Every structure is written in C-alpha cells, then in structure tokens.
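The next block holds one structure in the form of structure tokens; read it before the comments.
The values are calculated or read from the model by the stated rules, or taken from the named source; none is laboratory data. Because the structure is a prediction, the values reported are computed rather than measured. Positions of Cβ are backbone-derived with ideal geometry, glycine not excepted, and every protein chain shown enters the neighbour counts. Surface areas here come from the heavy atoms of the whole protein model, side chains and all, with no ligands, DNA or RNA. Shrake-Rupley method; radii C 1.70, N 1.55, O 1.52, S 1.80 Å.
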Amino acid sequence: MSPARAADALSVVCLEWTSAEMLLSLGITPRAVADVAGYRVWAAAPDLPESVLDLGSRGEPSMERIAIIKPDLIVTASGYGLDATRLQRFAPVETLKLYEGSATALFDTEREFLRLAAQIGRRPQAQQMLAKFFADLAAMRAELSTRKLPRVAVVSLFDDRHARVYGRNGLFQDVLDLLGVENAWTGDTSAWGFATVGFEKLVTLGDCVIVSLQPVPANVEIRIRQSRLWAALPAVQRQQVMNIPAVWPFGGIAAADRFARFLQVSLLRL
C-alpha cells in the first residue's frame, strides 16, 4: 500500500484542535476530535466534516468512545495535562511539543507539523504546504511594505472589561514579525503568548489599530458597546477597530496562514 493510501486508511483521533488542524491540512480527516462544536466556533478552519465524531471535552475526552473507535493513532499536544499512559492502552500516542519555550511558536509548529506528517506518510505534502506558506508571507510583506502601516493590538474579547491581548511567545507575534507589522503590545505574556488585561491597559497603547478576533459573544458585544472604558480607547474613537473571523491563536501553519491573510486584507483597507 502506498504511503498516501496508508495515511488515508488510518483511524486517528485528536484530543485537541491543533492536531486536528494539522491532519486536515494534510488531507486526513480525523475519526474523532475533542470538542467538535468548539473547533467549529473557535478554530473554524480547515473545515471539520460532519462525519467526525465528538470525544467530549478537550480536558477530559471520553475514554469509552476512544475504546470503541479503536484508533490506529492518538494525537494530542503538550500542555493539556493528559496522562499518556492512560491512552497508550488504546493506541500509540503522539504528543505535539508546542509552546514549551525552547523556540518560537511558529518554529515549534513547523517542526511538529513535519514530524507528524512524516509519521503518517505525508511529509512531501507538508513540505510543499510550508514552502507555499513562507512564499506567500514574503509576498504579503512586500505588498504591505509599500504602505505606512500602523501598530496593531490583536485581542480577543470575552467580557466588557477585559481583553486577551497577544504578544511575545505567541503564533500571532511570529506572523506579525514576518509581515513587518509592529505589535503595539510589548508587555508581558504567558508561555502561550497572551496576557489578560483590563481595557484601561489598552488605553495606554496610544495610537494603534485594534484587531479583534471573532467570535465575540452577543451579550458581551452589547455590553462592550455601552462600556465607557471601551469608548475611551483611541482606536475606538478613530473607528480603527478591525474585526477578523475566528482564528485559533494556538494553532498550526493553517492558522498562521489564515491570520496573515485576514490581517493583510484588513490593513490594505485602511
């Protein structure tokens, strides 16, 4: 059986969304994924087919469902606190080593993407995808370099007083650097590349554009519109808040590419 056909025949389950994104990028549909509904809302792409089974919570996937599926491979990522020894009785377990602080988020993602691809016989496809990704980023940077670009603050909004702002250690920071776009947030971030701050901290960023990741819960969006703190932000006063569709901030190459494209389109519209 050829490597491509062998990969097609594999039954793989993913215990979080980044591994699911990677497999889908390589043309492999996982048999099951933890929190399918959440993936479709927060990660969004690549599309997750309706045939994919739901394993329940990413923190506590259903062992009973995994046992019934009898997968050939279980893929997860570091940082989820799952005990691999509990899973190895069902199938070999591959843990993606992401956000461990040894390298940039994008470098980790590239390395682990190639490693996973090699394991399932899809390394040439992964190499081709990576080559296109970096070539496209270079082309986007060249186009953006012809404009006077503002600094940007990339945020997720979960309530009407706080924002998750993305910076050092994160995937979005690496994409911003490669595009030649300056991040307005230079403050501390977690190992996952974000900080949760009050809106008053965003006021101190001064002259910048806010890039707001969707989705924002409808009830939160209503309260934000009524928030004096939000209204005080210079970007809000200048109507320079750009909403972009959902992108998984802790995703792989497909997420990085998706973020870069949405950001480029938004910046070229200014």
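Odds and ends about this structure:
- Considering the range 142-197 at the alpha-carbon level, its Rg and Dmax are found to be 12.2, 37 Å.
- Under a Gaussian network description of the chain, with springs only between Cα atoms under 10 Å, the residue in 71, 46, 217 that fluctuates furthest is 217.
- For the range 11-76, applying the loop criterion from DSSP together with a ceiling of 13 other beta carbons within 10 Å to the GluC sites (Glu not before Pro) yields 50.
- Rounded to the nearest 10 degrees, the inclination of helix 123-144 to the longest alpha-carbon principal axis of the chain is 10 degrees.
- Two-decimal Rg to Rh for the range 148-232 - Kirkwood Rh, Cα set: 0.96
- The portion of the accessible surface of the chain made up by carbon and sulfur, rounded to a whole percent, is 52 (1.4 Å probe; DNA, RNA and ligands excluded).
- The distance separating the Cα centre of the range 10-42 from that of the range 205-265 comes to 25 Å.
- Convex hull volume per residue, computed on the Cα atoms of the range 186-270, equals 114 Å³.
- Taking trypsin sites (Lys or Arg not before Pro) across the range 149-218, none is in a DSSP loop with at most 11 further Cβ atoms lying within 10 angstrom of its Cβ.
- In the elastic network of the chain, a GNM with C-alpha springs shorter than 10 Å, the most mobile of 214, 125, 226 is 226.
- Using a simple spin-label model with pseudo-atoms 7 Å out from Cα toward Cβ, residue 159 and residue 80 lie 2.7 nm apart.
- Extension gain (nm, one decimal) between residue 88 and residue 50, 0.36 nm per residue minus Cα-Cα: 11.0 nm
- Rg over Rh, two decimals, the range 1-99 (C-alpha only, Kirkwood Rh): 0.93
- For the range 188-228: rounded, prolate or oblate by the Cα gyration tensor [a/c cutoff 1.5]: oblate
- Dividing the summed helix terms, -39500 (n - 2.57) for each DSSP H run of n ≥ 4, by the number of residues in the chain produces a 222 nm estimate of -11500 deg cm²/dmol to the nearest 500.
- A convex hull fitted to the Cα coordinates of the range 125-270 yields 100 cubic angstrom per residue.
- Relative to the compact-globule estimate of 2.2 N^0.38 Å, the Cα radius of gyration of the range 60-174 comes out at 1.41.
- Taken about its Cα centre, the chain carries a charge dipole of about 420 debye when Lys and Arg each add +1 at the Cβ and Asp and Glu each add -1 at the Cβ.
- Kirkwood-based shape ratio for the chain, expressed as Rg/Rh from alpha carbons: 0.99
- Between the Cα long axis of helix 105-119 and the first principal axis of the chain there is an angle of about 20°, rounded to the nearest 10.
- Note on residue 147 and residue 188: their simple-model spin labels are 3.4 nm apart, each label 7 Å out from Cα toward Cβ.
- Heavy-atom accessible area for residue 95, with the other protein chains in place and a 1.4 Å probe, reaches approximately 50 Å².
- Comparing mean-square fluctuations of 89, 122, 111 from a GNM of the chain with C-alpha springs under 10 Å, the top value falls on 89.
- C-alpha long axis of helix 253-268 to longest principal axis of the chain, angle in °: 20
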